[in-house]
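The structure appears right after this line, and notes come after that.
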Amino acid sequence: MFLEYIIVFKYILFAIFLSLVLFSLSFFMVFQTPNAEKLSSYECGFNPWGDARSKFEIRYYLVAILFIIFDLEITFLYPWTVSHDKMNYFAFYSVMFFLLVLTLGFMYEWIKGALDWE
């Protein structure tokens, strides 16, 4: 029973070991010559201006929330599709209700114009 866990544990140990080896090799094998050009912040090829805490459009926030919602939807729908034939009617209708709520949220954002870029 614990054989599967031992394999996973060995894989995790190997991944940690490999990442430490690669990190140490990249640290010791690369010439590090910092100067003012390399230490300056980079923003699209020109010097940054203004404050980093400036106001931004609310649409960026709404699109990010929409992305998270649909990302979570896929996360919840994948196990449901794999085990769809073993579920009862309650599970089916609860997933349909979940999809209905997500669809209504998407329609609300669409009607409010959150997806229109001007």
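To keep it simple, each residue is scored yes or no on (1) at pLDDT below 80; (2) more than 24 Å from the chain's Cα centre (by Cα); (3) closer than 30 Å to Thr103 by Cβ; (4) surrounded by 10 or more Cβ atoms within 10 Å (Cβ to Cβ).
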{"position": "Lys10", "(1), (2), (3), (4)": "no, yes, no, yes"}
{"position": "Leu25", "(1), (2), (3), (4)": "no, yes, no, yes"}
{"position": "Thr33", "(1), (2), (3), (4)": "no, yes, no, no"}
{"position": "Glu37", "(1), (2), (3), (4)": "yes, yes, no, no"}
{"position": "Ser40", "(1), (2), (3), (4)": "yes, yes, no, yes"}
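Among the residues of the range 53-76, is there at least one that is within 30 Å of Glu37 (Cβ to Cβ) and in contact with a Ser or Thr (Cβ under 8 Å, 6 or more places away or on another chain)?
Looking for residues that are within 30 Å of Glu37 (Cβ to Cβ) and in contact with a Ser or Thr (Cβ under 8 Å, 6 or more places away or on another chain), one finds none in the range 53-76, hence no.
Can you tell me which residue in the range 80-118 is modelled with the lowest pLDDT, limited to those that are over 21 Å from the mean Cα position of the chain (by Cα) and assigned to a loop (DSSP other than H, G, I, E, B)?
Glu118
Report yes if some residue within the range 79-89 is in contact (Cβ under 8 Å) with a residue 12 or more places away in the chain and surrounded by 10 or more Cβ atoms within 10 Å (Cβ to Cβ); otherwise report no.
Within the range 79-89, one or more residues are in contact (Cβ under 8 Å) with a residue 12 or more places away in the chain and surrounded by 10 or more Cβ atoms within 10 Å (Cβ to Cβ).
Anything in the range 100-118 that is in contact (Cβ under 8 Å) with a residue 12 or more places away in the chain and surrounded by 11 or more Cβ atoms within 10 Å (Cβ to Cβ)? List them, or say none.
Correct list: Leu102, Gly105, Phe106, Glu109, Ala114, Leu115.
The values are calculated or read from the model by the stated rules, or taken from the named source; none is laboratory data. Only a predicted model underlies this, so the values are computations on that prediction, with no experimental measurement involved. Methodologically, a virtual Cβ is constructed for each residue, glycine included, from the backbone with ideal geometry; neighbour enumeration extends over all protein chains shown.
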